[in-house]
2 protein chains.
Amino acid sequence: MAVEREAIDLFEHLCMQIKNIGIDSVHGVPGYAADGYARVNGISALMTVMGVGELSALNAIAGAFAEYVPIIHVIGKPSREAQKNKLCVHHSLGDGQFDVFEEMSRKVSCLTVSIDDVQTAPALIDEAIRTCWVQSRPVSIYIPCDMFRLPIPCHTLRKQPMLSRELPLDNVRAFEQLVDMATKEIRQATNPVILVGGYGIQNGAKQELEDFLNQVRFPLFAAGSGLAMVDSRLPHYVGLYVGSCSSPQALKIMGSADLVICIGNIQSDLSTSGFSGFVDHSKLIEIERTKSKVKGRVFERVHVNNVLQALTSKLCTSSHLAIRPVCVDSSLHSGVTKGVAQIETSVTSVGQETMLKSGLRLLKSIQSSVNPFQYFWTKATHETDYAVEKSNLITHDWLWTSLGKWLRAGDIILTETGTSSFGIWNTTMPPDSIFMAQYLWSSIGYTVGACQGAAQAARDSANAQRRTILFIGDGSLQCGCQELSTIIRQGLKPIIFVICNNGYTVERLIHGEEQIYNDIQPWNHRLLPAVFGAAPDTYQTHCVETTAELDALWRCKDFTDCSVLQLVELCVAQDDAPSNLVALARSLHERNA
Amino acid sequence: MAVEREAIDLFEHLCMQIKNIGIDSVHGVPGYAADGYARVNGISALMTVMGVGELSALNAIAGAFAEYVPIIHVIGKPSREAQKNKLCVHHSLGDGQFDVFEEMSRKVSCLTVSIDDVQTAPALIDEAIRTCWVQSRPVSIYIPCDMFRLPIPCHTLRKQPMLSRELPLDNVRAFEQLVDMATKEIRQATNPVILVGGYGIQNGAKQELEDFLNQVRFPLFAAGSGLAMVDSRLPHYVGLYVGSCSSPQALKIMGSADLVICIGNIQSDLSTSGFSGFVDHSKLIEIERTKSKVKGRVFERVHVNNVLQALTSKLCTSSHLAIRPVCVDSSLHSGVTKGVAQIETSVTSVGQETMLKSGLRLLKSIQSSVNPFQYFWTKATHETDYAVEKSNLITHDWLWTSLGKWLRAGDIILTETGTSSFGIWNTTMPPDSIFMAQYLWSSIGYTVGACQGAAQAARDSANAQRRTILFIGDGSLQCGCQELSTIIRQGLKPIIFVICNNGYTVERLIHGEEQIYNDIQPWNHRLLPAVFGAAPDTYQTHCVETTAELDALWRCKDFTDCSVLQLVELCVAQDDAPSNLVALARSLHERNA
């Protein structure tokens, strides 16, 4: 029986339920911090005022909607009296219409509730918060400003369950049909593979995903967004699959697959290198946050945690396939020692016949499932380090392959859309890391705010010492620079690398290489903390141009341990870009034309 | 007969027509610069990309829609092929729906056109630009990116008229009815007055407005938004009418009025001091950009220029009333010399009987139509100056009444929502000035971008030397600071006063005086130009705390002549605010509760 609570007001109830679901900090406009917070914490809250505030945050909310980031957006509306009398109040269009902004927000929210009765308010608020969590997308809660302080009747409150982070089993019939159909397809497949993205699966299904990936040992790929969703130390991890920008091995293995089990993935132009890597629906099992598709057939209201758990259980029995030898085709990556690598491919039970067929195909046509990135990782640790020459200028290709060695378990890594979010595809992510980049929405400047939210979420978490590391171009920084002020105000200590290359290199690659609209006003980035009021002993700034300088910084304990905010100007040539981005940009340019 | 032009492509045509209507600079996100440019130039253009860019600008567009600012918003969409195939491209929600953003923008645009056929494109573009100008509100033009370079058939182009800034006489029947009805109401009125706002009348009716105000000499008021729309030297100018925050004289005269001719005015909570000054529709003739209302009856598609011209002509004949003596009631503004001021109230022809009645009423019940601001203006020039003491700290009440003496004819003055936009109500505007503040939309941070756009428009104009002067609070500046970088990049030279009072004083007055959400991170504003890359000889910064320091700055030729960018930290006490704002905030707080 529920314990009787004292009467509280509507706003108190709202805040209690936000706290109940595990949110310790609430954000404001422009909303990107709420996005970053949610990607670390699992869910976040944003409060704005109708019209001006709400619209200022609409780009961030649309991005969160596109990329499955759960944000509880609370919007203060004019009083019920003002609405009823259609008053011409500020922050409105002056026409007495107050629902016009709601109609806009509705298009990028998975649920919109408009509070106008204190009796029904608690249930509506709870439904919105629960939906936000379950669907992993933004919800909007509108509350007239005269209602915030209204007391909620106790009897109403007692009916409310404490909000929790559960993903229920909603649609049992669809769920059973889905699991049967998916299992059947997987058993019938000759060369099934797994492709993991980063959309809507970070929270609520973490353990189920880990179990699935540990036990269902088909060749395993990460999508760009899923870089940190997959433990790169898993023996069946092949590497990144991003269409034509993937490694030769990845392309070969994916090319021979007859079934791709996609988990939390979105096949967009950027994630497939301009659709070059698009997998047809007829070869797909798509497991999304709240629905799944098997070869195009859609099953609604089935949640990723239940689906993964059921599939793991159905596919794996007690008998394991023996460790199978796989021949390494050394021609695919020169410099790798020839030989036979022993990798575990102990995929169990999918029907031993299927698995044997699958193994045979691998041996015959692919001859390798060694992870090239894993190879580099190992090499860096055990053989030689990355190449460092005193006079060598930093290039993107050097930066991103070397970076993995400096990263640590637990790091939170953000890369801005542009050279950074494509360069990072060449970096091996450390265990237990969190990675965020907007491969679908791609709003430049997003990561400065997201960095603030992410660092705040890290501090609010049980693992307050984990590092938050941002890579952003000098052009993008200009779109969100003042969030650095909030970082300073909150005493957060991320490491921020500003890739200085005189503007929008990613745009130059797509269109207008020499056009002034791709140039930027040159900023003195190292003055930014001081202008934003950081005390001298609360930050450090650096400028690195050569590989040796960056290496020295990475080896400096003071720097790497994040005792203060760090801002690094990382200079690269204007026309330098990660090789994969050069290829991708070319394909985008062609499609636009 | 039209001269045959060579074939041009779609984008070239668009740019030519934008240029044709008098736009020399085009803006990008977040859109406030386009708003500022339009308020000076009469119309402006903004170019963004669908989704991210478009939504980043949506707050600015909504503000322009609310406040009748004409912005041509051109939005690049994915190629027609990508749309047809519902491709999952970046900057989209990933669901193959591309019209969702258009549905949002449509709600804050007076016309939305979606180009998909090169044959009809020129006509649609021209219709959108013309509508933008006529309605003085934003329009949206969507163009798929594969169409920008398509050649436009010459025969299509030859049919297009050159776009011009005309406001046509559309609805002749409604127009005639309106003029008859309005004339009748005015003739029947005993105490008619005029109230001029700043919405949608700055451009397209400038001469007509001037003629009307010069010739129809009823007691004349400016609304807050219309501060610079009215020549304060006009003898029948009473002053500002903003409800309970108006001067006693203004309240008396407005209180006795039985007919208020509103021109380009919006009666919002802020413009009427919390509706205390709301004039009922039964007493109103409202002349708006494209429609008019007489005591609530609406006449659509009648344009402000035609209406003003017709009313001027109908109301004024060749016979003029003699100059009538009006008794000054000295008790209303102490310190004014007692006596009888001679003011011209040569309102003609409204029917001499009406005018005489009107004059009689003025004499009996009001006894004054001397402009108190005009009095100060005169006094400042001819008698003593504003009070300056070396040790006197600057207060809002001192600042805004003194400011008028420093302002010059032609100045462009921007005040940010907050203490500045209410303080300025105490300032007399110089002749030919342009004034901008968002009294309806009230999006904080708006004026930094608007200042850039306004300064750009001034430079693009025939009067390139006119000054652009911004007053903004330290809190609001943090919402739009990076626009200062664009100001520097473009070599613009506004004078920016940053009112330093440790945060959101206007919000403290309304709610949460001591709450941390009204505090801000303290910035080192004087470092801003350097951090944004301004060369040392291209800017000056200052910090003033006392009236003597500000007076010295105002007397410095270097400073006042705008040879370089000027940034002034103007320090006032945290709890100091213009007296009128204190009263207004109290009424807003009461209404919210």
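Readers should treat all values here as calculations from the given coordinates under stated rules, not as data from a laboratory. On a predicted model such as this, the values are computed, not experimentally measured, just so you know. Cβ atoms come from the backbone with ideal geometry, glycine included; neighbour counts cover every protein chain shown.
Label point of A:Cys543 (7 Å along Cα→beta-carbon): distances to the other copies' equivalent points are 2.6 nm, sorted ascending.
Sorted from shortest to longest, the distances between the B:Leu393 label points of this copy and the other copies are 5.3 nm, with each point 7 Å from Cα along the line through the beta carbon. Using the Karplus relation 6.51 cos²θ - 1.76 cosθ + 1.60 with θ = phi - 60°, the per-residue 3J(HN,Hα) values for the range A:500-505 come to 8, 9, 6, x, 8, 4 Hz, with x marking Gly and Pro. Taking the Cα centre of the protein assembly as shown as reference, the dipole from Cβ charges on Lys and Arg (+1) and Asp and Glu (-1) amounts to some 1620 debye. Residues whose amide H comes within less than 5 Å of that of A:His27, counting only those at least five positions distant or on another chain, are A:Ala45, A:Leu46, A:Met47 (H built at 1.01 Å from N in the peptide plane). For the listed residue pairs B:Lys107/B:Lys295; A:Lys184/A:Lys283; B:Lys77/B:Lys159; B:Lys184/B:Lys295, the alpha carbons are over 18 angstrom apart in B:Lys107/B:Lys295; B:Lys77/B:Lys159. Using the rule -39500 (n - 2.57) for each DSSP H run of four or more residues, divided by the residues of chain A, the 222 nm mean residue ellipticity is -10000 deg cm²/dmol.
Annotation: amide H of A:Ile413 within the under-5 Å range of A:Ile434, A:Phe435, A:Met436, A:Ile469, sequence separation 5 or more or interchain, hydrogens built in the peptide plane.
Roughly how many Å is it from the Cα centre of the range B:1-74 to that of the range A:542-564, as a whole number? Here the two parts' Cα centres lie 45 Å apart.
The phi torsions of the range A:302-313, fed into the Karplus equation with coefficients 6.51, -1.76 and 1.60 and a -60° offset, translate into couplings of 10, 9, 3, 5, 5, 5, 5, 4, 5, 5, 4, 5 Hz, rounded to whole numbers, with Gly and Pro shown as x. Fewest-first ordering of A:Ile263, A:Ile285 by other beta carbons within 10 Å of each residue's beta carbon gives A:Ile285, A:Ile263.
Sorting B:Asp126, A:Asp24, B:Asp117 from the fewest to the most surrounding beta carbons within 10 angstrom yields B:Asp117, A:Asp24, B:Asp126. In nanometres and ascending order, the distances from the A:Ala7 label point to those of the other copies are 7.8 (point 7 Å from Cα along Cα→Cβ). As a proxy for reagent exposure, ranking B:Tyr142, B:Tyr446, A:Tyr386, A:Tyr199 by other Cβ atoms within 10 Å from fewest up yields A:Tyr386, B:Tyr142, A:Tyr199, B:Tyr446. For B:Glu569, the residues whose modelled amide H falls within less than 5 Å of its own, excluding neighbours fewer than 5 places apart on the same chain, are B:Val498, B:His542, B:Cys543, B:Val544.
Applied to the range B:183-194, the Karplus parametrisation 6.51 cos²θ - 1.76 cosθ + 1.60 on θ = phi - 60° returns per-residue 3J(HN,Hα) values of 4, 4, 4, 5, 5, 7, 6, 8, 10, x, 10, 10 Hz, with x for Gly and Pro. Tell me, what is a quarter of the convex hull surface for the C-alpha atoms of the protein assembly as shown, in nm² with one decimal? If you wrap the Cα atoms of the protein assembly as shown in a convex hull and average its projections, you get 50.2 nm². Under 22 Å of direct C-alpha separation, and excluding same-chain neighbours fewer than eight residues apart, A:Lys405 reaches these lysines: A:Lys379, A:Lys390, A:Lys493, A:Lys557.
About its Cα centre, the dipole of chain A is roughly 1540 debye, where the only charges are +1 on Lys and Arg Cβ and -1 on Asp and Glu Cβ. Mean partner shielding of peptide A:279-289, defined as the number of other chain Cβ atoms within 10 Å of each residue Cβ, is 0. With N the number of residues in chain A, Rg(Cα) / (2.2 N^0.38 Å) evaluates to 1.01.
Placing unit charges on each Cβ (+1 for Lys and Arg, -1 for Asp and Glu) gives the range A:22-96 a dipole about its Cα centre, and among A:Leu58, A:Met47, A:Leu93 the Cα reaching farthest toward its positive end belongs to A:Leu93.
State the Cα centre-to-centre distance between the range A:252-301 and the range B:240-280 in whole Å. Cα centres, the range A:252-301 to the range B:240-280: 63 Å. For the range B:194-227 versus the range B:124-144, the inter-centroid distance based on Cα atoms is 26 Å. In summary, the lysines within cross-link reach of B:Lys206, defined as a Cα separation below 18 angstrom excluding same-chain residues under 8 places away, comprise B:Lys291. Counting Cβ atoms of other protein chains within 10 Å of each Cβ in B:62-75 and taking the mean gives 2.
Sort A:536-545, B:205-214 by the packing proxy (mean of other Cβ within 10 Å over each peptide's residues), most packed first. Could the numbers behind the result be given before it?
Working: A:536-545: 15.6, B:205-214: 18.7.
Peptide ranking by packing, descending: B:205-214, A:536-545.
Shielding by partners for peptide A:76-82, expressed as the average number of C-beta atoms from other protein chains within 10 Å of each residue's C-beta, is 2. The relative contact order of the range A:1-118 comes to 21 percent, based on Cα pairs under 8 Å that sit 6 or more residues apart.
Rounded to the nearest 20, the size of the Cβ-charge dipole of the range B:457-497 about its Cα centre is 220 debye, with Lys and Arg at +1 and Asp and Glu at -1.
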